[in-house]
Amino acid sequence: MAHASEAETTATSLSETPLADLHRRLGARMVPFAGYAMPVQYPTGILTEHNWTREKAGLFDVSHMGQCFLIGPDHATTAKALEALTPGDFQGLGLGRIRYTLFTTAEGGIIDDLMVTRSADPGADGALFLVVNAGRKAIDYAHLAANLPGDVELVMADDRALLALQGPLAAAVMARLCPAAAEIGFMTAITAAIGGIECAISRSGYTGEDGFEISVDADKAEALATLLLAEPEVAPIGLGARDSLRLEAGLCLYGHDIDEATSPAEADLGFAIGKRRRAEGGFPGAMRILGELAEGVPRLRVGIQPEGRAPAREGTEIRDAGGSLVGIVTSGGFGPTAGGPIAMGYVSADCAAEGTPLTLTVRGKELVARVVPLPFVPHRYFRKSAS
């Protein structure tokens, strides 16, 4: 899932997560991000943190993100209320299941992307748990409050922290501390105790690796993080590595790769639009979005592989073989696991085919590049085999 992008906030006005003191004790370099003081890296550095997550298990503080509940009289009512604002199928969301979705504008742009969970507990019927981007949560909450029907309530969960444990050894760690969590499949969720601390645990993540996101009462967050960091496979990871990991995984960052001027079809996020919703419509921007999915778009988000070692950063102009401007880079940098510079951006549809040659203008120099499939590094999400 995509995360907030706003980093321009004065130090005096920054909020802090429940883990801020722990980050400082661990030697983190703190930076402004989406209105919060957040750890960008620890003393080992971004490259080491990136590789650790790809090889072992990294612990991320994502408590800056927005957590809230929609609560109605029954699941059908709450699901229909959310479907009026998103193109997801929530009436068909099973117990303990998670779905990625988008708040869309009437013009078909993206207000935010988010994760929606239905509790595995039948006693929680009528409640949906939402996690939204930090830099968009005030906008999202206002959007929900203005558009929910009278029988569905928005309840903020500002008293909760959120941790992400990501990497190929994350499941082994969870198997020791919370065996039930290690048994769930990708995009499913349970409520269970980790070391005696009650948590809402989902199997998902923003790195392309297998992993878990753990929602916990704010006053228990440091105890939980300390417990997880005591495991030999686990190390703290900052925002720097989080960004390089998600870029290698080909995942969007709100405010960079997606925004209110971008449609889901342009962003190659058509998978978030359920089959029933494609047939029925009835969500904001449906006419544009469904039309683009059926007929194509003038521009498309693609993976870009520059030659050489120089990274192409956000804002880099993209030209075709004839020198015409055809797009712009929206995320770019060095991919440690990919072994070189990587980027994502939007190009005109006639330049979006795999292998299309491109030219990038970096620091006044022309760099040769080509369109490549996403992700740059294969996803390793855990899929349960059919029984």
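The values are calculated or read from the model by the stated rules, or taken from the named source; none is laboratory data. Values in this document were obtained by computation on a predicted structure and should not be read as measured data. Methodologically, a virtual Cβ is constructed for each residue, glycine included, from the backbone with ideal geometry; neighbour enumeration extends over all protein chains shown. Remember, those area values only see protein heavy atoms, side chains included, never the ligands or the DNA or RNA. Shrake-Rupley method; radii C 1.70, N 1.55, O 1.52, S 1.80 Å.
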Which strands (runs of 3 or more DSSP E) does the stretch 177-271 wholly contain that include 1 or more residues that are at pLDDT 95 or above, under 19 Å from the mean Cα position of the chain (by Cα) and among the hydroxyl-bearing types (Ser, Thr, Tyr)?
-> 197-202, 211-217
Go through the stretch 330-387 and give me each residue that's under 25 Å from Gln166 (Cβ atoms) and charged (D, E, K, R).
-> Arg380, Arg383, Lys384
Check Ala310 against each of (1) touching a residue at least 12 places away in the same chain (Cβ under 8 Å); (2) open to solvent by 60 Å² or more (accessible area, probe 1.4 Å) and name the one condition it does not meet.
-> (2)
Pick out the one residue from Gly108, Gly96, Gly92 that is modelled with pLDDT of 95 or more, touching a helix residue (DSSP H, G or I) at 6+ places or on another chain (Cβ under 9 Å), at positive phi and assigned by TED's automatic domain parsing to the domain that holds Val216.
-> Gly108
Filtering the stretch 72-106 down to residues that are open to solvent by 20 Å² or more (accessible area, probe 1.4 Å) and more than 22 Å from Ala279 (Cβ to Cβ), which residue is nearest to the chain's Cα centre (by Cα)?
-> Leu95
Please go through the stretch 115-133 and pick out each residue that is part of a strand (DSSP E or B) and open to solvent by 30 Å² or more (accessible area, probe 1.4 Å).
-> Arg118, Phe129
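What number of residues in the stretch 72-114 are outside any loop (DSSP other than H, G, I, E, B) and either under 15 Å from Gly126 (Cβ atoms) or of a type in the set (S, T, N, Q) (or both)? Please lay out each step first, then the result.
If we filter the stretch 72-114 for residues that are outside any loop (DSSP other than H, G, I, E, B), which is where we start, we get 75-83, 97-104, 110-114.
Narrowing further to those that are either under 15 Å from Gly126 (Cβ atoms) or of a type in the set (S, T, N, Q) (or both): 75-83, 101, 104.
Of the residues in the stretch 72-114, 11 are outside any loop (DSSP other than H, G, I, E, B) and either under 15 Å from Gly126 (Cβ atoms) or of a type in the set (S, T, N, Q) (or both).
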Exactly one of Tyr206, Tyr254 is aromatic (Phe, Trp, Tyr), closer than 23 Å to Asn51 by Cβ, in contact (Cβ under 8 Å) with a residue 24 or more places away in the chain and not assigned by TED's automatic domain parsing to the domain that holds Gly315, and that one is Tyr206
In the stretch 156-176, which residues are over 18 Å from Gln67 (Cβ atoms), part of a loop (DSSP other than H, G, I, E, B) and of a type in the set (D, E, K, R)?
-> none
Working only within the stretch 287-298, note down all residues that are over 23 Å from the mean Cα position of the chain (by Cα) and touching a residue at least 40 places away in the same chain (Cβ under 8 Å).
-> Met287, Arg288, Glu292, Gly296, Val297, Pro298
